[in-house]
1. Go through the range 1-53 and report how many residues are among the aliphatic types (A, V, I, L, M), open to solvent by 50 Å² or more (accessible area, probe 1.4 Å) and part of a loop (DSSP other than H, G, I, E, B).
2. It is to be established whether one or more residues within the range 69-79 are at pLDDT 90 or above, surrounded by 10 or more Cβ atoms within 10 Å (Cβ to Cβ) and under 15 Å from the mean Cα position of the chain (by Cα).
3. Can you tell which of Ile112, Ile93 is modelled with pLDDT of 90 or more, closer than 21 Å to Arg29 by Cα and not in a strand (DSSP E or B)?
Amino acid sequence: MRYMMLIYTKEIEGGPSPEEGARVKAAHRVVMEDAARKGILVGAEPLHPTATATTVRMQDDGKPLITDGPFAETKEQLAGYYILNCENLDEAIEWAARIPTACKGGEGCVEIRPMLDMPRDG
């Protein structure tokens, strides 16, 4: 089953230091390369900061209402995701625990969601 792991972290104004950014990137690379070797990596990508987000809400009249920024103000922001093809939730939890930005010092977490298979036409 495919699982999406949504990575939530606290954004640092101005971003992390170059050293910290390089450390986190290298740690993610280890997890992605290991998942790829095991043949379960479907995808993994970081996201730009929430300041670049655009939210679209449909109004009652059927027209979109477009606002800058994320859907909600929270302490932790969606920072990226992994999609892994795991045997079960227990395996997905093991992988989520390896994600380097997961729940460090009480900040951040990884939300695991099973993905529905959508039928594709033609």
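The values are calculated or read from the model by the stated rules, or taken from the named source; none is laboratory data. Every value quoted in this text rests on a predicted model; they were computed, and no experiment measured them. Don't worry about glycine lacking a Cβ; one is built from the backbone with ideal geometry, like all the others, and counts go over all protein chains shown. Each accessible area value is taken on the protein alone, full model and side chains, heavy atoms only, with ligands, DNA and RNA left out. Shrake-Rupley method; radii C 1.70, N 1.55, O 1.52, S 1.80 Å.
1. Of the residues in that region, 3 qualify.
2. Looking for residues that are at pLDDT 90 or above, surrounded by 10 or more Cβ atoms within 10 Å (Cβ to Cβ) and under 15 Å from the mean Cα position of the chain (by Cα), one finds none in the range 69-79, hence no.
3. Ile93
Residue by residue, here is whether (1) among the charged types (D, E, K, R); (2) modelled with pLDDT of 85 or more holds:
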| residue | (1), (2) |
| --- | --- |
| Arg23 | yes, yes |
| Ala35 | no, yes |
| Ile40 | no, yes |
| Ala44 | no, yes |
| Ala51 | no, no |
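Here is a yes/no grid of residues against (1) closer than 15 Å to Ile99 by Cβ; (2) in contact with a Ser or Thr (Cβ under 9 Å, 6 or more places away or on another chain):
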position: Gly15; (1), (2): no, no
position: Glu19; (1), (2): no, no
position: Val24; (1), (2): yes, yes
position: Glu33; (1), (2): yes, no
position: Ala44; (1), (2): yes, no
position: Arg57; (1), (2): no, yes
